[in-house]
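J.: This is the structure I have questions about; it appears just below.
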Amino acid sequence: EAQVTQNPRYLITVTGKKLTVTCSQNMNHEYMSWYRQDPGLGLRQIYYSMNVEVTDKGDVPEGYKVSRKEKRNFPLILESPSPNQTSLYFCASSSRTGAISGNTIYFGEGSWLTVV
Amino acid sequence: AQKVTQAQTEISVVEKEDVTLDCVYETRDTTYYLFWYKQPPSGELVFLIRRNSFDEQNEISGRYSWNFQKSTSSFNFTITASQVVDSAVYFCALRVSGYSTLTFGKGTMLLVSP
């Protein structure tokens, strides 16, 4: 079954304590991306990756890091989380052709992150 | 830059009513793709439909139908005979050819009561 898997699904953490949200896909997709969802703002892209070792900033990259060492994984790193990073996070993937042509983007189930 | 506007923040209907969710988009690109996603209370994003800019055919899938009109830059979504299970937040999104970013509208919360 085609899947994008995120972990953890729910996390409460404290300001400044580094955390990583993992994302893994089993579809051999080249393109992966992270979004955050906030009330009244919809979903906004944080970072994306068009292939292994290729990453680029989205609309709201401040306070986040990513890496793409393997094709299937695209972790989101919060080096020093702050309360304004409390949000619902989504990982997404699609084939590279899909990224260009607009084919379906597959989303993970979301990770609810609270920073206190 | 791309922009997607969902002017309806929240809609409440009674079961079996028809409801239309509006979506207006802005882009200077001639090749682009439009999407609708459903987000139920559990939080996941469920893909509903994708439309190419060069295909203005309307589409019907069961109780769902989509009306794409390039002349008004709109991609509206109609649910016929709504059901309680349709209660969710619905997002319209736009992607232009050659770019990876999916630009979302702010979403419309649909509440269907029995």
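Only the coordinates and a few stated rules stand behind these numbers; no lab work does. Computed from a predicted structure; not experimentally measured. Backbone-built Cβ (ideal geometry, glycine too); neighbour counts: all protein chains shown.
J.: Which of the residues belonging to region B:99-114 are within 14 Å of chain A (Cβ to nearest Cβ) and touching a strand residue (DSSP E or B) at 6+ places or on another chain (Cβ under 7 Å)?
T.: Correct list: B:Ser100, B:Thr101, B:Leu102, B:Thr103, B:Phe104, B:Gly105, B:Lys106, B:Gly107, B:Thr108, B:Met109.
J.: Inside region B:28-50, can you point out the residues that are over 22 Å from A:Phe90 (Cα atoms) and either more than 12 Å from every other protein chain (Cβ to nearest Cβ) or free of Cβ contacts under 8 Å to residues at least 40 places away in the same chain (or both)?
T.: Answer for region B:28-50, where residues must be over 22 Å from A:Phe90 (Cα atoms) and either more than 12 Å from every other protein chain (Cβ to nearest Cβ) or free of Cβ contacts under 8 Å to residues at least 40 places away in the same chain (or both): B:Arg28, B:Thr30.
J.: Can you tell me which residue in region B:2-39 is surrounded by the most Cβ atoms within 10 Å (Cβ to Cβ), limited to those that are over 21 Å from B:Thr72 (Cβ atoms) and among the aliphatic types (A, V, I, L, M)?
T.: The extreme case among them is B:Val13.
J.: For B:Glu17, are the conditions met, namely being free of Cβ contacts under 8 Å to residues at least 24 places away in the same chain, assigned to a loop (DSSP other than H, G, I, E, B) and farther than 16 Å from B:Lys106 by Cβ?
T.: So B:Glu17 fails the test.
J.: Against the condition over 15 Å from A:Thr114 (Cα atoms) and more than 14 Å from the chain's Cα centre (by Cα), how does A:Gly58 come out, does it pass?
T.: Spelling it out, it is not the case that A:Gly58 is over 15 Å from A:Thr114 (Cα atoms) and more than 14 Å from the chain's Cα centre (by Cα).
J.: List the residue pairs whose Cβ atoms are under 8 Å apart, where the first residue sits in region A:48-65 and is under 22 Å from A:Gly16 (Cα atoms), the second is part of a loop (DSSP other than H, G, I, E, B), and the two are 6 or more positions apart or on different chains.
T.: Close Cβ pairs (under 8 Å, with a partner that is part of a loop (DSSP other than H, G, I, E, B)) amount to A:Gly63/A:Glu79; A:Gly63/A:Ser80; A:Gly63/A:Pro81; A:Gly63/A:Ser82; A:Lys65/A:Glu79.
J.: If A:Ser82 passes every condition in (1) surrounded by fewer than 16 Cβ atoms within 10 Å (Cβ to Cβ); (2) within 14 Å of another protein chain (Cβ to nearest Cβ); (3) in contact with a strand residue (DSSP E or B) (Cβ under 9 Å, 6 or more places away or on another chain) but one, which one does it miss?
T.: (2)
J.: Taking region B:58-98 on its own, how many of its residues are out of contact with any helix residue (DSSP H, G or I) (no Cβ under 8 Å at 6 or more places or on another chain) and either at the interface with chain A (Cβ under 9 Å from one of its Cβ atoms) or in a helix (DSSP H, G or I) (or both)?
T.: Number of matching residues: 10.
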